[in-house]
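Participant: Let me begin by handing over the structure; questions about it come next.
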Amino acid sequence: MIGKSIMRIAAALAIILGDAAVTVLNAEDQPITRTELLRSDLAGIEGRETVIYIADLKPGAVGGKHKHFGDEFVYILEGELIVAPAGADHPPAGKEPIILKMGDVGHLTPDVVHAARNGSESETAKVLVILVVDKGKPLAEAVK
């Protein structure tokens with residue numbers, strides 16, 4: 001009886017640890033990973049929240065075009081981030097990419113469709129991101 005219980009526990013642990021290993025491997029395969037630090041409602045502003053996270057970008061990592069449901073503030077902790085506003089079909093048309101280096105800050109309003117990429121093919125980049133967004137919506141929405 002005890003032997004069967006131990007075997008069941010061991011099997012359950014193996015499944016759990018196997019799933020954890022797959023999750024870690026999948027995270028390692030991602031060019032951009034996000035570690036959420038805080039999510040909090042805004043006092044006195046119904047339906048809005050602040051989300052703070054660290055984005056780690058592998059060398060050469062590129063994110064797709066997207067927009068946010070609120071304001072995005074970024075602070076470059078390490079490396080270089082290139083933020084490219086979208087083309088003529090989305091505002092602001094014809095804007096040059098913004099290059100942010102360690103210690104730089106930036107602000108993107110919700111109307112700015114953009115893509116971000118690591119400015120280096122050999123070094124990682126680390127960015128502190130603060131979003132003030134509509135609660136209950138995704139942090140970003142992909143745009144074609």
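Participant: Looking at PRO85 and the list (1) surrounded by 14 or more Cβ atoms within 10 Å (Cβ to Cβ); (2) within 19 Å of ALA125 (Cβ to Cβ); (3) modelled with pLDDT of 95 or more, which single condition is not satisfied?
Facilitator: So the condition that PRO85 fails would be (3).
To keep it simple, each residue is scored yes or no on (1) part of a strand (DSSP E or B); (2) touching a residue at least 40 places away in the same chain (Cβ under 8 Å); (3) touching a helix residue (DSSP H, G or I) at 6+ places or on another chain (Cβ under 9 Å).
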residue	(1), (2), (3)
THR50	yes, yes, no
ALA84	yes, no, no
ILE99	yes, no, no
PRO110	no, yes, no
ALA116	yes, yes, no
GLU123	no, yes, no
ILE130	yes, yes, no
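The values are calculated or read from the model by the stated rules, or taken from the named source; none is laboratory data. This one's a predicted model, so the numbers in the text were calculated from it and none came from an experiment. Using ideal geometry, Cβ is built from the backbone for each residue, glycine included, and neighbour counts are taken over all protein chains shown.
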